[in-house]
Amino acid sequence: MARRDADFDALIVGAGFAGMYQLHALRDRLGLRAQVIEAGSGVGGTWYWNRYPGARCDTESHAYCYYFSDALLEEWEWSERYPAQPEILRYLNFAADRLDLRRDIRFDTRVTGARYDTEANLWHVETDTGETLSTTWLIAAVGCLSAANIPDIPGLERFEGAWYHTSDWPEGGVDFTGKRVGQIGTGSTGIQTAPAIAETAAHLTVFQRTANYSVPARNRPLDEDFTQAFRENIPHYRDLLRSTPNGHPFRLADRKVADVTEEERRKIYEEAWAKGGLQFRAVFKDLGVDREANATASDFIKAKIRETVTDPRKANILANIDHPYGAKRPPIDTHYFETFNRADVDLVDLRATPIVEITATGIRTTEATYDLDVIVFATGFDAITGPLLKLNITGAGGLTLAEAWQAGPRSFLGLQVPGFPNLFTITGPGSPSVLTNMPVAIEQHVEWIAGCIAWMRENAIAAMEADEDAAEAWGRHVNDAANATLLPTVPHSWYLGANIPGKPRVFIPYAGGLPRYRAICEDVAAQGYPGFRTK
Ligand code: N01
């Protein structure tokens, strides 16, 4: 039950894909007094902040949007196979307009703390504008990749040039003309941004710690025929996205590597390479679970890197990959490996020659000093738990979220944390989130949370929180699901929290696939929410 003396029935933190749809679901479908608090000056979340050159989604555009509304799907037209950041931001602004969301979003306001008042059964939410707002339900829609990881390299404060993290990019862009740029990091972001920076910089040095696979994206403009065919087949695409394990618009092939001859296998990989995109990993069903099968794909990509990169020194550094393909998030690219054929692009192997310090004029490794005007940190995020911990949440009995998660995140279904009544986390730890096409995972969570709140109201339930035992059992299931795949075999993966010093090493997202996860969540709701305590 919502309290009439509270400022709001529901406060939602974050105006990205998740927060925007949650506002619509609670305000327009349930009639709640709901509001979003957003640190940025506009909607977009991840796509508001990540404006780095080359920023583009790895999911195909027709699958990277809201599916809850046919009207939104029919009205919007994507221009390219993969949407670039400005187009996604335009799309989210279009959705905000069509759903009339802005009137209930407080922009330029950052949540600095949230405290649960057991007696009043209310959350008190503090903001950097000095306000404290009370609400019955608090919903964190802060995204999984919004707490930047800026590595603690000695000397950064001495650097006299400019430096940027890719996820906090100046709105007007950065002019690299005539500049010597150093880029640290070769994850999905680094692989997207290096070719774009190289286009305008005088010189680019890429500092690579872990070599990475990448498959060509094969981006292209979309034509009228595609858009027409898509609009005529919306139910088909909706069904496809909801029935594939990662929420992508392609199915996992029903064959194993060993089912085909070597010649057939080569042909399959060549065709997938020519087609491009994330579906490369779906051509055999055992690539994600069997090391030997995986090695055939890994070897194929390594050979492609060596074929593409003409300088054998650079080719060796780039192809010296130490983990199975897809066991870290597999990037896709537009001319990433080709970029190293430019005379004005260099590559430093940090495994062989680590960074010692940042100096006033550049980066010094154990081997050399690189003079730089700009340093770009493409160094990723304190993923999934980082953005939630940054909210400074205190639950029942004064327990902080940081204390509750000292040994790693505990959550039931990635949706609720024991000791934090009426707090919901969209795409929280223990849910499929980053292992999937995010808007599909987000829609499922938003709809489940709205359904749960509707059920609480119908049944006059004042508070609901995850049960300790249910969270414990779910944690074991999350672990088991990960252990059935190659994902936890990479010790330096951010899926395990290994990129953040001191972060507990726990496999964070749920690897059991979206359809299975959706069925579990639906079953819990249908049974009257076992695993949650209510009062
Ligand atoms: O971050 P990352 P990202 N010294 O953590 C290196 C999503 N995304 O921003 O591997 C030197 O993957 C680090 O090295 P290592 C997507 O889910 C989506 O690229 O830890 N190097 C690595 O190379 C993705 O997975 C899209 O050894 C250091 C890099 O920095 C997620 O965001 C586009 C270092 C970080 O890679 C994160 O990707 C882009 C140090 N101290 C991103 N610290 C879409 O298309 C870190 N590194 C939707």
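Would you mind stating whether K304 is part of a loop (DSSP other than H, G, I, E, B), buried (at least 16 other Cβ atoms within 10 Å of the Cβ) and not aromatic (F, W, Y)?
No: the conditions fail for K304.
In this structure, does L92 turn out to be among the hydrophobic types (A, V, I, L, M, F, W, C), assigned to a helix (DSSP H, G or I) and within 16 Å of the ligand (Cβ to nearest atom)?
yes
For residues that are within 16 Å of the ligand (Cβ to nearest atom), closer than 20 Å to L372 by Cβ and β-branched (V, I, T), tally how many sit in the stretch 192-243.
4
Just to check your reading of the model, which residue among G130, G143 is crowded, with 16+ Cβ neighbours inside 10 Å, among the small types (G, A, S) and not in a strand (DSSP E or B)?
That would be G143, the only listed residue that is crowded, with 16+ Cβ neighbours inside 10 Å, among the small types (G, A, S) and not in a strand (DSSP E or B).
Taking the condition in a loop (DSSP other than H, G, I, E, B), free of Cβ contacts under 8 Å to residues at least 12 places away in the same chain, away from the ligand (no atom under 13 Å from the Cβ) and not polar (S, T, N, Q), does G31 pass? Break it down stepwise before answering.
Numbers: in a loop (DSSP other than H, G, I, E, B): yes; free of Cβ contacts under 8 Å to residues at least 12 places away in the same chain: yes; away from the ligand (no atom under 13 Å from the Cβ): yes; not polar (S, T, N, Q): yes.
Taking the combined requirement at face value, the residue satisfies it.
Scan the stretch 146-186 residue by residue and report those that are in a helix (DSSP H, G or I) and within 15 Å of the ligand (Cβ to nearest atom).
Listed by number, the list holds a single entry, L156.
So that you can scan it fast, the table gives a plain yes or no per residue for (1) among the basic types (K, R); (2) in contact (Cβ under 8 Å) with a residue 60 or more places away in the chain:
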residue: F207; (1), (2): no, yes
residue: A211; (1), (2): no, yes
residue: R231; (1), (2): yes, yes
residue: P235; (1), (2): no, no
residue: L241; (1), (2): no, yes
residue: H248; (1), (2): no, yes
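Take the residues in the stretch 380-396 that are of a type in the set (G, A, S) and within 13 Å of the ligand (Cβ to nearest atom), then tell me which one is farthest from S433 (Cα to Cα).
Among those that are of a type in the set (G, A, S) and within 13 Å of the ligand (Cβ to nearest atom), it is G380.
When the residues of the stretch 49-65 are filtered to those that are farther than 21 Å from P195 by Cα and assigned to a loop (DSSP other than H, G, I, E, B), which remaining residue is nearest to the ligand (Cβ to nearest atom)?
Taking the candidates together, the pick is Y64.
Here is a list of conditions, (1) touching a Ser or Thr at 6+ places or on another chain (Cβ under 9 Å); (2) of a type in the set (D, E, K, R); (3) more than 22 Å from G178 (Cβ to Cβ), and R364 meets all of them except one; can you say which number that is?
Result: R364 fails condition (1) only.
For every residue, the table says whether it meets (1) surrounded by fewer than 22 Cβ atoms within 10 Å (Cβ to Cβ); (2) in contact with a Leu (Cβ under 7 Å, 6 or more places away or on another chain); (3) at pLDDT below 95; (4) more than 19 Å from E171 (Cβ to Cβ).
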| residue | (1), (2), (3), (4) |
| --- | --- |
| G19 | no, no, no, yes |
| L26 | no, yes, no, yes |
| R33 | yes, no, no, yes |
| W78 | yes, yes, no, yes |
| P86 | yes, no, no, no |
| G113 | yes, no, no, yes |
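Go through the stretch 233-252 and give me each residue that's assigned to a helix (DSSP H, G or I) and either surrounded by 15 or more Cβ atoms within 10 Å (Cβ to Cβ) or modelled with pLDDT under 95 (or both).
Y237, R238, L240, L241, R242
From D333, D346, D373, D322, grab the single residue that is buried (at least 21 other Cβ atoms within 10 Å of the Cβ), in contact (Cβ under 8 Å) with a residue 40 or more places away in the chain and either closer than 21 Å to Y164 by Cα or not hydroxyl-bearing (S, T, Y) (or both). Write out each step before concluding.
Working: D346 fails: buried (at least 21 other Cβ atoms within 10 Å of the Cβ); D373 fails: buried (at least 21 other Cβ atoms within 10 Å of the Cβ); D322 fails: buried (at least 21 other Cβ atoms within 10 Å of the Cβ).
None of the others qualify; the one that does is D333.
Look at I37 and say whether it is crowded, with 22+ Cβ neighbours inside 10 Å, touching a helix residue (DSSP H, G or I) at 6+ places or on another chain (Cβ under 6 Å) and under 30 Å from G419 (Cα atoms).
So I37 fails the test.
Just to be sure before I move on: is A114 in contact with a strand residue (DSSP E or B) (Cβ under 9 Å, 6 or more places away or on another chain), among the aliphatic types (A, V, I, L, M) and not in a loop (DSSP other than H, G, I, E, B) in the structure I sent?
Working: in contact with a strand residue (DSSP E or B) (Cβ under 9 Å, 6 or more places away or on another chain): yes; among the aliphatic types (A, V, I, L, M): yes; not in a loop (DSSP other than H, G, I, E, B): yes.
In short, yes.
In the set A460, A466, A454, which member is surrounded by 17 or more Cβ atoms within 10 Å (Cβ to Cβ), at pLDDT 95 or above and of a type outside the set (V, I, T)?
A466
Which condition number does P491 fail, the rest of (1) modelled with pLDDT under 95; (2) assigned to a helix (DSSP H, G or I) being met?
Only one criterion is unmet by P491, namely (2).
What's the total number of residues in the stretch 353-379 that are outside any loop (DSSP other than H, G, I, E, B), of a type outside the set (D, E) and either within 12 Å of the ligand (Cβ to nearest atom) or under 30 Å from the mean Cα position of the chain (by Cα) (or both)? Before you say what the answer is, go through the steps one by one.
Just the residues of the stretch 353-379 that are outside any loop (DSSP other than H, G, I, E, B), to begin with: 355-358, 362-365, 369-371, 374-377.
Going one step further and asking which of them are of a type outside the set (D, E), we end up with 355-356, 358, 362-365, 369-370, 374-377.
With either within 12 Å of the ligand (Cβ to nearest atom) or under 30 Å from the mean Cα position of the chain (by Cα) (or both) added as a condition, the list becomes 355-356, 358, 363, 365, 374-377.
Residues flagged as outside any loop (DSSP other than H, G, I, E, B), of a type outside the set (D, E) and either within 12 Å of the ligand (Cβ to nearest atom) or under 30 Å from the mean Cα position of the chain (by Cα) (or both) within the stretch 353-379 amount to 9.
Output yes when any residue across the stretch 484-501 is within 23 Å of A526 (Cβ to Cβ), within 16 Å of the ligand (Cβ to nearest atom), among the aliphatic types (A, V, I, L, M) and crowded, with 21+ Cβ neighbours inside 10 Å, and no when none is.
The answer is no, given that none of the residues of the stretch 484-501 is within 23 Å of A526 (Cβ to Cβ), within 16 Å of the ligand (Cβ to nearest atom), among the aliphatic types (A, V, I, L, M) and crowded, with 21+ Cβ neighbours inside 10 Å.
The values are calculated or read from the model by the stated rules, or taken from the named source; none is laboratory data. This one's a predicted model, so the numbers in the text were calculated from it and none came from an experiment. Please note: Cβ atoms are built from the backbone with ideal geometry, for glycine as well, and neighbour counts cover all protein chains shown.
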